[in-house]
Each structure stands twice: as structure tokens, then as C-alpha cells.
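No value in this document is a laboratory result; all are computed from the given coordinates. Computed from a predicted structure; not experimentally measured. Here the Cβ is made from the backbone with ideal geometry for all residues, glycine too, and neighbour counts use every protein chain on show.
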Amino acid sequence: MKLFKILILSIISATLAGAQPEEEPYRGYFFEGDEVVFEFDLRYFEEATQHHTGERVDFDDLDIYEVAVAGDFNNWSRKKWKMKKVGPQRYQLRKKITDFDDAIQWAYKFVVNGKYWAEPPEDIRNKSKVTHDNKVWEEVYNLSLYSARQSPGGNARFFLSGFGDAKRVILSGSFNGWDEQAFSMDKVEGGWATRLQLDAGRYEYKFIVDGQWMEDPNNPDKRKNEHDTYNSILYVTKIASFRLEGYDEAQKVFLAGSFNDWRPEDIRMQREGNAWAVTLELPGGKHWYKFVVDGNWIADPANPFREHDGMGNINSVVVVK
């Protein structure tokens with residue numbers, strides 16, 4: 001039966017390859033407009049694990065009556081996110097992108113009949129080993145959902161100049177688990193381009209030109225990787241607002257923090273009504289800061305989140321997502 005299933009998959013793949021050479025590989029999800037569409041396609045799965053016993057079961061031996069999605073985004077509930085049958089062997093669940101938090105990656109699995117965990121296919125790219133209590137579970141995998149998505153209005157544009165004779169250019173990076181097929185770039189005047197919608201943060205990336213990996217030649221910000229080559233680096237920023245109420249008699253107020261090496265007179269705040277204010281574009285992550293009022297350093301009185309710096313100082317904390 002397994003050989004028959006593999007043969008059917010080979011025929012399907014060959015048919016798709018002949019008719020639509022740019023068909024994206026199966027990942028268990030895709031983006032459509034402002035929605036994430038989870039898709040369980042039984043043709044790609046062979047085995048499932050029984051929840052309580054850990055016993056492996058062949059899907060050919062299961063009578064499927066219910067499929068759900070469980071993952072980091074719903075506390076691994078086996079019943080909460082039930083899918084709808086859309087074909088003889090296909091189930092889908094649509095969720096708004098806004099239903100998810102600001103993480104770059106989520107782990108998930110499909111749950112069959114409330115008690116069988118569908119094991120990811122052998123050749124699927126977006127799978128990762130399961131870790132529990134800082135230990136890696138050998139031969140146990142989850143699927144990965146990445147928040148990065150291609151969008152004409154995306155906030156991050158990638159452009160590779162030249163290579164007019166190339167047949168295909170792929171964008172791959174930490175934002176999609178270094179997938180080698182997910183983000184095909186469009187051939188445009190002068191080169192290849194695409195846009196991604198990314199959360200604020202630091203990302204590493206490369207281009208794959210007809211199978212050959214290369215860093216971005218127009219981006220000087222890069223780091224050496226474990227393969228003794230270079231990854232290009234992109235920082236995606238987000239607007240952060242800082243406001244200090246009162247201090248009507250102050251002559252000068254500045255903002256200083258880890259984002260400007262704590263320079264005390266670098267970012268001057270302006271008077272707005274009964275407060276001093278400034279807005280900055282900051283990369284994703286945690287930042288520490290203070291206000292400098294006429295030369296006196298103070299933590300943000302309106303922000304309860306503070307941390308010691310190990311040198312006797314207490315700084316305010318802002319997290320950009």
C-alpha cells in the first residue's frame with residue numbers, strides 16, 4: 001500500500017512539474033491575502049504517532065473523521081482548531097494573520113481523530129526536531145510556520161542587480177528557515193526583485209541563482225557563516241515612541257539608550273503639550289533607555305519594566321516586535 005501511495009505521489013509530482021514548473025512544494029500551509037491557510041493533504045503523509053502510547057500507526061489503517069491543527073499558537077490544543085474537509089484527502093483551516101503573535105516561527109502538527117499526531121513527510125523542508133526540557137528528541141519532528149510572506153506591499157524589498165540570463169533566482173534566509181524554494185524572485189528591469197512582509201528584527205539572507213548561493217553584492221553588512229562564506233544582514237525597524245510627562249521647567253531633555261551607545265546629547269526630545277516626546281525607528285528586540293533632563297539621568301516613570309545593568313544602574317526597557 002505504501003508503494004502504491006509513493007507511486008501516486010510521484011505521478012502527481014511529475015504532472016505538476018510538467019504543467020506548472022514553478023509549483024511550490026507542499027509545506028502544510030500557505031498565505032492567501034490576510035489569511036494563513038493550513039492544509040493537511042493525506043497523500044503526503046504515511047505515519048502517525050498515538051498520543052498516549054507513542055505507537056506508530058500507518059495512515060492506511062486509520063479511518064479519519066477529524067483533523068485539527070495544534071501548535072505554539074494555540075497551546076497545542078488537539079481539539080481547538082478543527083479543519084474542514086475540502087477534498088477526498090484534503091483538509092483546510094483558515095486563520096487571520098492577526099490571530100498570531102509577533103514570533104518569527106511557530107512549531108505545529110496535524111492531529112487526526114484527536115489522538116494521532118501526523119508525522120511530517122521525510123522530504124518536507126519546513127520541519128524541525130522537537131525539543132523538550134532543553135533536550136532534542138531524536139527522530140521526532142514538528143512542522144514550522146514562518147511569519148515571513150511575499151507581498152507586493154511588503155515592508156522589505158530585496159533586489160539583485162544583473163543576472164539577466166539566469167533562469168531562476170530564490171531568496172532564502174533566517175526568516176524562512178533557509179528554504180531553498182519558498183520565495184522565487186521576479187525578473188524585473190535590471191535584475192530580480194521581491195518584497196517580504198517582515199516583523200521588526202535582524203535577519204540573515206542569501207540569493208540562490210540557478211542553484212548557486214551568493215550574498216547580496218550591494219549590501220556591505222554581512223557576517224561569515226559556518227560554511228566559510230558570507231550571509232547578508234537586514235535590519236527591519238519599527239517606529240517606537242518615547243514620552244516624558246511633566247518637567248515643565250526643564251530646559252533640555254534628551255533620550256539615551258543602548259540604541260545610541262548611551263550618548264547623552266544625541267537624541268533631543270521636543271515639547272508637546274504637557275510632555276516631552278520623540279519617535280525613533282528601532283530594530284526588533286529589547287532596548288534599554290533613560291531620559292536626560294538638564295543633565296540628570298532618570299528612568300521612565302511611566303514604564304514599570306526596568307532592569308539592573310550590573311553596574312548599579314536601573315534602566316527602563318522597551319521591547320520592539
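Which lysines have a Cα lying under 22 Å from the Cα of Lys187, excluding residues fewer than 8 positions away in the same chain? Result set, ordered by chain and number: Lys167, Lys206. Residues in segment 83-96 carry Karplus couplings, in order, of 9, 9, 6, 10, x, x, 10, 10, 10, 9, 9, 9, 9, 5 Hz; the curve used is 6.51 cos²θ - 1.76 cosθ + 1.60 with θ = phi - 60°, and Gly or Pro positions show x. For Lys290, the aspartates and glutamates whose Cα falls under 13 Å of its own Cα, not counting residues fewer than eight places away in the same chain, are Asp261, Glu265, Asp266, Asp300, Glu307, Asp309. Distance distribution P(r), segment 238-320, all Cα-Cα pairs, bin width 10 angstrom from 0: 18, 56, 25, 1 percent.
Listed by chain and number, the aspartates and glutamates placed with their C-alpha closer than 15 angstrom to that of Lys222 are Glu204; residues fewer than eight positions away on the same chain are left out.
Within segment 174-321, all pairs of alpha-carbon atoms sorted by distance into 5 Å bins from zero give the percentages 2, 8, 14, 16, 13, 10, 9, 9, 8, 6, 3, 1, 0.
Considering only Leu62, Gly162, Ala118, the residue lying farthest towards the positive end of the dipole of the chain is Leu62, judged by Cα position with unit charges set on Cβ.
If you take the Cα centroid of segment 150-192 and the Cα centroid of segment 65-120, the two points sit 29 Å apart.
Which number do you get for Rg(Cα) / (2.2 N^0.38 Å) in segment 149-219? Intermediate results must be reported in sequence, preceding the final value.
On the way: Rg = 11.3 Å, N = 71, 2.2 N^0.38 = 11.1 Å.
Cα Rg divided by the expected 2.2 N^0.38 Å: 1.02.
For the chain, taking the reciprocal of the average inverse distance between every pair of different Cα atoms yields a Kirkwood hydrodynamic radius of 23.3 Å.
To the nearest 500 deg cm²/dmol, what mean residue ellipticity at 222 nm is calculated for the chain from DSSP H runs of n ≥ 4 alone, each contributing -39,500 (n - 2.57), summed and divided by the residues?
On the way: 1 runs with 18 residues, N = 321.
The helix-only estimate for the chain comes to -2000 deg cm²/dmol at 222 nm.
Amide H to amide H, with H built 1.01 Å from N, Trp81 comes under 5 Å of Val69, counting only residues 5 or more places away or on other chains. Taking every alpha-carbon pair within segment 17-101, the share separated by more than 22 Å comes to 34 percent. The phi-based Karplus calculation (6.51 cos²θ - 1.76 cosθ + 1.60; θ = phi - 60°) puts the 3J(HN,Hα) values of segment 100-112 at 9, 7, 8, 5, 7, 9, 10, 9, 7, 8, 8, 10, 9 Hz, whole numbers, x for Gly and Pro.
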